[in-house]
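Below: one structure, written as structure tokens.
The values are calculated or read from the model by the stated rules, or taken from the named source; none is laboratory data. Because the structure is predicted, anything quoted here is derived from the model rather than measured. Don't worry about glycine lacking a Cβ; one is built from the backbone with ideal geometry, like all the others, and counts go over all protein chains shown. SASA here: full protein model, heavy atoms, side chains in, ligands and nucleic acids out. Shrake-Rupley method; radii C 1.70, N 1.55, O 1.52, S 1.80 Å.
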Amino acid sequence: MIPRFKPSLDWSEFLTIFKRNKRAVEKFEKEFAKTFNAVDAVAFPYGRSAQWAFLKAIGIENGEVIMPAYTCSVVAHAVTLSGNIPRFIDIDLYDYNMNLDHAELAINENTRAIIATHTFGYPQNLDRLEAMVEKAEKRYGKKIWLIQDCCHAFGADWKGKMIGTSGDVAIYALNISKLITSIFGGMLTFQDQKLANKVRDWRDTHFKSGGWLKSIKRRLYFLAVYFAFHKKIYGFTLWLQQNTPLLNKLTKAYHLDNKIHFPPDYLDKMLNVEAAVGLKQLKKYPKIIQFRREKAKYYNQNLPRKEGWCLPPIIQGATYSHYTVRVPNRNEVIYDYKNKGIELGKVIQYSIPDLIEYTSSNNNFPLANEASKNSINFTVS
Ligand SMILES: *Cc1c(COP(=O)(O)O)cnc(C)c1O
């Protein structure tokens, strides 16, 4: 069975986990900042912890945070748990990104931040975002933080300018389903050294070291992942997932879509072993991106264009975390491909305002809804 995604891991990562990796977190932060054109980077145990910590460190509370309705639910959870209120915006079906006309209209005197997500690796219009924020700051006479969610879009660029290099901060997540991984992990990158220092200080006073037991558990998790995605074993992995509660148990505490909740270790610092894996992955990242771009082009030229199928665009600068196709009969398509030995994904199966814990927020997100119900994704890894 060809898996719907697979982390790009080989011997170099495998051997790394048996080393001591002293000070790997600091090294990873430095290399990460260099790779993604930032002046500094600050590491966290998860992407969601990074986002939450940023909102706490800059001290915004009871503010509205504008964000897309169609994105990972933990983004809304992080906003809520930081003491702020997510303000959802519908998307465009063309590239699955937040509709910036709607976003601009939603800005009001309570808006404190905007989270722009480069969904599925498609860059948002950075010029437009910057102009929008500047105009609103003048109008309301206060700072509006521009946060870029780059979790799907490592190294993507908008008209030649790397995403994450404008605005105040960029967020990256590094779990095994992302473009590059540090087992788990998250990273913030900055263009302003003072702001980076402030957030790092905040992290160092509020986060604690992970401890040796966790670092052993993470190594075991890494080994399990390393083998689970092996060609000869993946069929068994899938069987376990479908027929036993074993793998669910491993992943449940980490991700619940219908509860505003963080994993218990969200206040632990990133571990050196995680950073060491991340350092190896950074070296591979140009190759990983290139592979994804080629794969997306290949699908674009070779997938059958059946009635009602809507293939995603090929866009200059996109880095394709997923290759997402909307189809009228998603479960049938998934079943057909499964019989051909290809596993398809159903990434983001919800529009966040439809999730039970957010239903009281203003509704009406038809396009986010459509994307959540009809899309499948083909492997690009
Ligand atoms: C994965 C992801 C996150 C959060 O990352 P975690 O490390 O799982 O907390 C945030 N935003 C987007 C768009 C993501 O895909």
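GNM remark for the chain: springs join alpha carbons under 10 Å apart, and the peak mean-square fluctuation among D268, D354, D101 falls on D101. Applying the criteria of a DSSP loop state and at most 16 other Cβ atoms within 10 Å to the chymotrypsin sites (Phe, Trp or Tyr not before Pro) of the stretch 16-105 yields F18, Y94. Does the stretch 156-199 classify as rounded, prolate or oblate by the C-alpha gyration tensor (a ≥ b ≥ c root eigenvalues; a/c under 1.5 gives rounded; else a/b over b/c gives prolate, otherwise oblate)? Oblate is the answer for the stretch 156-199, as a/c is 1.5 or above yet b/c matches or exceeds a/b.
Note on F236 and M1: their simple-model spin labels are 1.4 nm apart, each label 7 Å out from Cα toward Cβ.
Normalised by the number of residues in the stretch 82-233, the mean separation of alpha-carbon contacts (under 8 Å, six or more apart) gives a relative contact order of 14 percent.
For the chain, what does -39500 (n - 2.57) per DSSP helix run (n ≥ 4), summed and divided by total residues, give at 222 nm, in deg cm²/dmol to the nearest 500? Write down the numbers at each step before the final one.
Values: 13 runs with 158 residues, N = 381.
Computed mean residue ellipticity for the chain: -13000 deg cm²/dmol.
Rounded to whole numbers, the Karplus 3J(HN,Hα) couplings from phi for the stretch 327-339 are 9, x, 9, 4, 5, 5, 4, 4, 5, 4, 5, 4, 5 Hz, using 6.51 cos²θ - 1.76 cosθ + 1.60 with θ = phi - 60°, and x at Gly and Pro. Restricting the trypsin sites (Lys or Arg not before Pro) of the stretch 207-252 to loop positions (DSSP other than H, G, I, E, B) with no more than 14 neighbouring Cβ atoms within 10 Å leaves K231, K232.
Amide H contacts of T117 (H built 1.01 Å from N, in plane; Pro and chain starts excluded): M98, D149 sit under 5 Å, all sequence-distant by 5 or more or on other chains. Judged by the mean number of other Cβ atoms found within 10 Å, the most tightly packed of the peptides 370-377, 20-27, 333-340 leads the ranking 370-377, 20-27, 333-340. Using 0.36 nm per residue and subtracting the Cα-Cα separation, the extra length available between D101 and D127 on full extension is 8.0 nm. Rolling a 1.4 Å probe over the heavy atoms of the protein chains gives the stretch 89-146 an accessible area of 41 Å² per residue. Note on L267 and K159: the extension gain reaches 35.2 nm, defined as 0.36 nm multiplied by sequence separation minus the Cα-Cα distance.
If I compute solvent accessible area with a 1.4 Å probe over the protein chains, what percent of it on the stretch 1-66 is carbon and sulfur? Intermediate values should be presented prior to the final figure.
Working: 1510 of 2980 Å².
Heavy-atom surface of the stretch 1-66 belonging to carbon and sulfur, 1.4 Å probe: 51 percent.
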